[in-house]
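Following: one structure in structure tokens, then a few remarks.
What follows draws every value from the coordinates through simple rules; no lab data is involved. As the structure is a computational prediction, the values presented were derived from the model and not from experiment. Every residue, glycine as well, gets a Cβ built from its backbone with ideal geometry; the counts of neighbours run over all protein chains shown.
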Amino acid sequence: MPNYITNDATIEPKKARRRVADAKEETSKLVYINLTNKEQTSLSFNTLPGFDEDVLAAVKKENYARDGKTYKSKKAPRGINLIMDWGFEQSPIVWNDDGSQVAVMLEAWDNKDRWLANVDFKNNKLVSQHRLHDDAWIAYAFNDFGWLHNSNTLYYLSEESGYSQLYKKPINGKATALTQGQFEVSNLTLTSDDSAIYYKANVEHPGLYEIYRVNPQTGNSEQVTDLNGMTDYTLSPDETKLLLKHSTITMPNELYVADAQANTKATRLTHTVSDEFLAKKLTAPKIVAVPSSHTDQPIYAKVYYPADYVEGEVGKNRKAVIFNHGAGYLQNSHMGFSVYFREFMFHSLLADEGYIVMDMDYRASKGYGRDWRTAIYRQMGTPETQDLADGVKWMAQNANVDTKAVGTYGGSYGGFMTFMALFTAPELFQSGAALRPVTDWAHYNTGYTANILNHPDVDPIAYERSSPIYYAEGLNKRLLINAPMVDDNVFFKTQCV
């Protein structure tokens with residue numbers, strides 16, 4: 001990509017990631033080495049169930065048919081690699097305590113399968129312990145796994161129920177669910193005596209995260225913290241204390257310490273927020289459940305009200321703004337302090353000026369389960385725009401908003417959504433601002449885009465459905481585009497195609 005900001009004002013080339021359109025299928029070779037005799041043994045992937053399935057047959061058939069061709073499905077080895085988890089803090093290769101067994105987590109290059117396998121050293125082959133298949137894509141979160149101590153029993157996270165839950169499985173036995181429910185489990189920590197696995201979950205409300213622990217022998221879970229907000233943890237080396245990082249909607253993260261026991265009381269350790277920030281009169285948003293016209297689940301959203309707003313007021317005279325968070329797979333309508341702290345302050349400013357502001361966790365967002373996450377598969381921009389329309393309707397019915405006085409904005413994925421809303425539903429908003437937006441997904445990166453839209457060579461239909469460049473003629477309202485010229489994530493060329 002060109003770098004326009006240099007010491008001598010010349011334009012210099014800068015290395016950047018490749019486009020998904022340029023990516024080619026990759027596969028790894030898994031080898032183990034005997035350190036005694038230095039013998040190397042390759043482990044074939046052909047013992048993994050589904051290693052040669054044509055999992056994209058239906059997609060290929062649809063694309064072929066559009067071009068007047070017939071697709072004939074056939075089996076062939078798929079590209080398989082060690083899993084790449086964007087938030088991974090562990091290796092995809094984990095040995096048990098005595099070194100007699102090793103577990104590996106693998107993923108298909110087409111993003112439709114994940115395998116957890118151990119090695120049969122006697123026969124030099126991989127043995128699948130768990131296959132997670134998803135017709136959309138495997139999440140890049142919820143891939144934690146490990147061994148219970150002094151045993152051949154694995155524990156791991158899986159979305160197979162529709163939500164990330166915790167399971168255990170002896171290598172010669174059946175899997176058992178240790179947690180169950182419509183909530184997401186993450187951030188696992190096993191104690192040294194196997195008496196507990198600590199985890200983070202949003203059990204009581206999709207936006208409320210507390211710390212829990214489960215006994216892996218009995219499956220009994222108990223709540224550890226009750227701080228009401230967003231809480232993360234680290235277990236102390238002696239396993240008697242928890243260091244907690246906790247925030248609320250209006251208060252940034254502070255550190256707390258608590259005993260590592262059920263229903264613990266936390267003691268605050270830090271007070272890092274400045275007096276200047278505390279003195280600001282910021283608007284605390286309310287989290288509301290907006291009824292969806294397309295799903296059984298509500299769309300959770302933050303709503304900022306002006307100080308002079310009176311609940312139940314009528315007249316339809318309020319102006320409104322809808323903010324579209326970035327990343328797609330991100331949760332912003334939770335009860336902790338948002339990573340969008342600048343927007344939080346900006347939305348407070350807008351509320352001070354009399355605007356109603358809505359910040360929606362549209363379909364694709366994190367925190368609401370697998371179906372919510374994958375609703376955008378092969379149709380990015382469509383479910384989200386439908387959810388924005390439900391948001392506008394809700395504000396008209398519940399916040400005295402004039403539907404002819406609503407604008408929208410966002411950055412990155414939020415900029416893309418601004419495009420799609422203004423291009424495909426031009427009656428929905430009167431204006432929009434798209435910051436660092438994606439116009440054509442074929443120009444974005446592989447790891448993110450191929451999950452959701454497959455590869456452009458395989459599924460051009462998905463890219464045409466999902467890229468704003470194909471709908472630009474629908475624009476008939478005011479649109480501001482902010483396109484940074486030195487952006488190694490959303491390339492300037494991508495923003496201005």
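For the range 40-175, the tally of Lys pairs with Cα-Cα distances below 25 Å comes to 26, considering only residues 8 or more apart or on different chains.
Ranked for footprinting exposure by Cβ neighbours inside 10 Å, fewest first, 26, 159 give 26, 159. Between residue 408 and 322, 431, 432, 433, the built amide H atoms are under 5 Å apart, and every one of these is 5 or more places off in sequence or on another chain. Comparing 304, 426, 466 along the charge dipole axis of the range 281-495, the residue lying farthest to the positive side is 304, per the Cβ-charge model. Charge tally around residue 449: other residues with Cβ under 12 Å, Lys/Arg +1 each, Asp/Glu -1 each, net +1.
Dipole magnitude for the chain: about 1040 debye, using +1 per Lys or Arg Cβ and -1 per Asp or Glu Cβ, origin at the Cα centre.
Across the range 208-218, computed HN-Hα scalar couplings (Karplus, 6.51 cos²θ - 1.76 cosθ + 1.60, θ = phi - 60°) run 10, 10, 10, 9, 10, 8, 10, 7, x, 8, 9 Hz from first to last residue, x flagging Gly and Pro. Footprinting exposure proxy ranking of 153, 234, 36, fewest other C-beta atoms within 10 angstrom first, gives 36, 234, 153. Computed from the alpha carbon atoms alone, the convex hull of the range 119-184 holds 108 Å³ per residue. Stokes-Einstein diffusion of the range 25-138 at 10 °C, 1.306 mPa s viscosity, Kirkwood radius from Cα pairs, rounded to a whole number: 100 µm²/s. The alpha-carbon atoms of the range 422-464 define a convex hull whose volume equals 83 cubic angstrom per residue. Rounded to the nearest 500, the 222 nm mean residue ellipticity of the chain from helices alone is -4500 deg cm²/dmol, with -39,500 (n - 2.57) taken per DSSP H run of at least 4 residues. How many percent of DSSP beta bridges within the chain run antiparallel, rounded to 5? Expressed as a percentage, antiparallel bridges in the chain total about 75. Karplus-derived 3J(HN,Hα) values for the range 89-104, using 6.51 cos²θ - 1.76 cosθ + 1.60 with θ = phi - 60°, are 10, 9, 7, x, 10, 10, 8, 7, 4, 8, x, 7, 9, 9, 10, 10 Hz; glycine and proline are entered as x. Set the Cα radius of gyration of the range 298-341 against 2.2 N^0.38 Å, with N its number of residues, and you get 1.44. Applying D = kT/(6 pi eta Rh) to the range 23-223, where Rh is the Kirkwood radius over alpha-carbon pairs, T corresponds to 37 °C and eta to 0.692 mPa s, the Stokes-Einstein value obtained is 177 µm²/s. Estimated translational diffusion coefficient (Stokes-Einstein, Kirkwood radius over Cα pairs, 10 °C, 1.306 mPa s) of the range 329-450: 104 µm² per second.
With a cut-off of 14 Å between beta carbons, the residues surrounding residue 397 carry a summed charge of -1, where Lys and Arg count +1 and Asp and Glu -1.
Taking Cβ atoms as reference points and 15 Å as the exclusive limit, the residues near residue 42 contribute a net charge of +1, counting Lys and Arg as +1 and Asp and Glu as -1.
Taking amide H atoms as placed 1.01 Å from N in the peptide plane, the amide H of residue 299 lies under 5 Å from those of 290, 292, each 5 or more residues away in sequence or on another chain.
Which shape class applies to the range 260-379: rounded if a/c is under 1.5, otherwise prolate when a/b exceeds b/c and oblate if not, where a ≥ b ≥ c are the square roots of the Cα gyration tensor eigenvalues? The shape class here is oblate. Whole Å is fine, so just give me how far the alpha carbon centre of the range 337-415 lies from that of the range 37-94. With the range 337-415 and the range 37-94 each reduced to a Cα centre, they are spaced 36 Å. Per the Cα gyration tensor, the chain maps to an equivalent ellipsoid with semi-axes of 40, 32, 21 Å, ordered largest to smallest.
Among 372, 95, sorting on how many other beta-carbon atoms sit within 10 Å of each Cβ, with the fewest leading, yields 95, 372. Here the Karplus curve 6.51 cos²θ - 1.76 cosθ + 1.60, taken at θ = phi - 60°, turns the phi angles of the range 464-471 into couplings of 5, 5, 10, 9, x, 4, 7, 10 Hz, with x standing for Gly and Pro.
Over the range 281-495, the Kirkwood radius and the radius of gyration, each from Cα atoms, give a ratio Rg/Rh of 0.96. Between the amide H of residue 366 and those of 330, 331, distances stay under 5 Å, these residues lying 5 or more places away or on another chain, with hydrogens modeled in the peptide plane.
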